[in-house]
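Notes to accompany the following structure.
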Amino acid sequence: MVQEIIESKYLERFSLGTASFGNKYGICNDQDYVDQEKATQIVKYFIINGGYQFDTSCGYGDSEDILSRAIGGMYDGNMEITSKFVVTDSHNLDLIIYQIDQSFNLFGDSLNTILCHTPDLLKRNLEDITIEAFKYIKESYRIRTGISIYNIEEIINISNNLKSRIDCIQAPCNIFDDTAQRVKKSSFIGNHTNVIARSIYLQGFLISEVCLLRKYITQYARFVKISEDLNMGKVETCLRYIMSIKELDGYIVGINKLSHLKELVNLIKYIELNNKQFVLSMVKDNNDPSFIDPRRW
């Protein structure tokens, strides 16, 4: 159990993304993966500073196992963990149920949401099996279900049967991509549906010290210029942008180093205490739509 007193609630709207726990993830990841010792340090610091929401997936390598061990016995409070399952084109419901059961076995009652982590369900004719998986989750565990998407087109034409079972949607949100905002404002989801922002750093591309993908040098230079004009660092620019969007229900921030988490906490405190009004409008990129979709890099 963490003995330190929780200092604040600055992180109460943030969820700790754990894709790099036991898994190399993100374009700016300069280390192989976050091992158990480092993950435990990160989780402890997150909790001390008021964090209690965690995002993981059975598709993130050993992330679930490492997170489970890091949390175990650390804190008596109310953890909220979101995990995900993957649907394959084989339409194997037993495989999906196995993934769901494994997540619950690791996290127990702390697991409060399970998402489908497979894009383009309708195009790939995977809607019916996803509905069956959601039925199983509701009947067996009575927790929230939802989907993780890359663009709003993925939910526009889904059936009412599936739509009614979506309690949560994770969607990209950064200065180049307003998918999460568009989803939240759309008529395609119910009033009960939470929308959580992810990809706030665009898999680390926006906060890298140099442009790591030369084909997107124009977009990178544009973002650097925005940050310089605002007299902000790149991380602060990303954070101020998402934190200014009050209609969103939360934000996921991936962390692969304790030093990054400490920087994040300090910046959030600074932003909250120095809540100046900055005009941070979304930047439309009409030259290359693949830029905001890391699958197409």
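Read the figures in this text as sums done on the coordinates, not as results from a lab. Quick caveat, the model's predicted, so the values are computed rather than measured. Every residue, glycine among them, receives a Cβ derived from its backbone with ideal geometry; neighbour counts consider all protein chains shown.
Per the Debye formula with a single identical scatterer at each Cα and no solvent contribution, what log10 I(q)/I(0) holds for the chain at q = 0.08, 0.13, 0.14 Å⁻¹?
Each listed q corresponds, in turn, to -0.34, -0.94, -1.10.
With the crude spin-label approximation of a point 7 Å out along Cα→Cβ, what separation in nm comes out for Asp293 versus Lys185?
2.2 nm
Calculated FRET efficiency, Glu263 and Asn125, Cβ-Cβ r, R0 35 Å, to nearest 0.05?
0.20
Estimate the FRET efficiency between Ser281 and Asp94 by the formula 1/(1 + (r/R0)^6), using the beta-carbon distance for r and 51 Å for R0, to the nearest 0.05.
On the way: r = 48 Å, r/R0 = 0.93.
Rounded to the nearest 0.05, the efficiency is 0.60.
What does the highest-first list of 56-69, 113-126 look like by mean Cβ count within 10 Å?
56-69, 113-126
Given the options Gln53, Asn274, Leu264, identify the residue whose Cα lies farthest towards the positive end of the charge dipole of the chain (+1 on Cβ of Lys, Arg; -1 on Cβ of Asp, Glu).
Going by the Cα projections, it comes out as Asn274.
Between Lys135 and Asn231, what is the spin-label point distance in nm, taking each point 7 Å from the Cα along the Cα→C-beta axis?
Modelled inter-label distance: 6.1 nm.
Treating the beta-carbon of each Lys and Arg as +1 and of each Asp and Glu as -1, no other charges, what is the dipole magnitude of the chain about its Cα centre, to the nearest 20 debye?
For this selection, approximately 780 debye.
Rounded to the nearest 5, what % of the DSSP beta bridges within the chain are antiparallel ones?
In the chain, DSSP labels about 5 percent of beta bridges as antiparallel.
Going through the cross-link list Lys138/Lys262; Lys123/Lys234; Lys24/Lys234; Lys138/Lys269, which pairs have a Cα-Cα distance over 31 Å in this structure? Intermediate values should be presented prior to the final figure.
Details: Lys138/Lys262 37 Å; Lys123/Lys234 36 Å; Lys24/Lys234 22 Å; Lys138/Lys269 37 Å.
Beyond 31 Å: Lys138/Lys262; Lys123/Lys234; Lys138/Lys269.
Please report, in whole Å³, the volume per residue of the convex hull around the C-alpha atoms of the stretch 46-136.
Expressed per residue, the convex hull around the Cα atoms of the stretch 46-136 is 97 Å³.
State the three equivalent ellipsoid semi-axes of the stretch 156-252, derived from the C-alpha gyration tensor as the square roots of 5 times its eigenvalues, in descending order and whole Å.
Three semi-axes, in Å: 30, 14, 10.
Under 16 Å from a label point 7 Å along Cα→Cβ of Ser164: give me every residue in the stretch 119-141 with its amide N that close.
Zone members listed by number: 128, 131-136, 138-139.
Which order do peptides 196-205, 37-46, 174-183 fall in by mean Cβ count within 10 Å, highest first?
The densest-packed peptide leads the list: 196-205, 174-183, 37-46.
Order these by the 10 Å Cβ neighbour count, fewest first: Arg295, Arg144.
Working: Arg295 7, Arg144 22.
Lowest count first: Arg295, Arg144.
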